[in-house]
Amino acid sequence: MTTTRMATQADVRRIALALPEVEEAADRFAFSVRHRGKPKGFLWVWMERVIPKKPRVPNDGVVAVRVPNLAQRDLMIAAEPEKFFTEPHYAGFPAVLVRLDAVTVADLETLIPAAWRTQAPADLRRTVE
């Protein structure tokens, strides 16, 4: 499989589920790993506010991915704004929004394990480092 083509939700799912102890949510496109018995989300579909004062709706072309900190998020956005962005809803929260049609599978193969590491317990992280 080439890693230079644009990414899809199928690629996201394949990469995320290949990581240890990852669970996919039953009711939405989201992935977590258990830490102290609780699911800790590291990747999910972006819920976009399309119409003001109406409920957010899933935007299947964008995923939110946990990052280690806000500085890392801001660096990613500054370096590649065509791939990464944020919105006011994520102010102060360590996650970056990723346009799937602008990233490659290779990008995801770096982003998703890094996001998983932000939430996985230390003993589990050691099994893949």
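The values are calculated or read from the model by the stated rules, or taken from the named source; none is laboratory data. Keep in mind that this is a model prediction, so the values were computed, not measured. Here Cβ is always computed from backbone atoms with ideal geometry, including for glycine, and neighbour counts include all displayed protein chains. Protein only, heavy atoms only, side chains kept; ligands, DNA and RNA dropped before computing areas. Shrake-Rupley method; radii C 1.70, N 1.55, O 1.52, S 1.80 Å.
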query = On alpha-carbon atoms, Rg over Rh for segment 21-129 using Kirkwood Rh?
reply = 0.97
query = Dipole size in debye (nearest 20) for segment 1-127 around its Cα centre, Lys and Arg Cβ +1, Asp and Glu Cβ -1?
reply = 460 debye
request  = Could you list which residues have their amide H under 5 Å from that of Val62, counting only those 5 or more apart in sequence or on another chain, with H placed in the peptide plane?
outcome  = Trp46, Leu100
inquiry  = Check which residues have an amide H placed less than 5 Å from Val67's amide H, if you skip close sequence neighbours.
reply    = Ala95, Val96
task = Collect residues whose amide H, placed 1.01 Å from N in the peptide plane, falls under 5 Å from the amide H of His35; neighbours closer than 5 in sequence don't count.
result = Lys40
task = Before rounding to the nearest 500, sum -39500 (n - 2.57) across all DSSP H runs of length at least 4 in the chain and divide by the residue total; then give [θ] at 222 nm in deg cm²/dmol.
result = -9000 deg cm²/dmol
query = In whole Hz, what ³J(HN,Hα) sequence does segment 80-88 give by Karplus (6.51, -1.76, 1.60; θ = phi - 60°), x for Gly and Pro?
reply = 9, x, 6, 9, 10, 7, 9, 8, x
note = With x for Gly and Pro, the residue-by-residue ³J(HN,Hα) of segment 13-20, computed from phi through the Karplus equation 6.51 cos²θ - 1.76 cosθ + 1.60 at θ = phi - 60° and given in whole Hz, is 4, 4, 5, 5, 6, 7, 7, x
request  = Tabulate in residue order the Karplus-calculated ³J(HN,Hα) for segment 52-65, using 6.51 cos²θ - 1.76 cosθ + 1.60 with θ = phi - 60°, rounded to whole Hz; enter x for Gly and Pro.
outcome  = x, 6, 10, x, 5, 10, x, 10, 5, x, 9, 10, 9, 10
query = How high is the relative contact order of segment 1-116, given as a whole-number percent (alpha carbon pairs under 8 Å, six or more residues apart)?
reply = 32 percent
ask   = Hey, in the GNM for the chain with a 10 angstrom Cα cutoff, which one of Thr118, Thr110, Thr86 fluctuates hardest?
value = Thr110
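Tell me, what is the per residue accessible area of segment 12-78 in Å², probe radius 1.4 Å?
Values: 4070 Å² over 67 residues.
Solvent-accessible surface per residue comes out at 61 Å².
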note = Residue span Ala25 to Ala71: 0.36 nm per residue of separation minus Cα-Cα distance leaves a gain in nm of 13.7 nm
key: Options Gln119, Phe84, Leu108, ranked by Cα towards positive dipole end of the chain, top entry (Cβ charges)   = Gln119
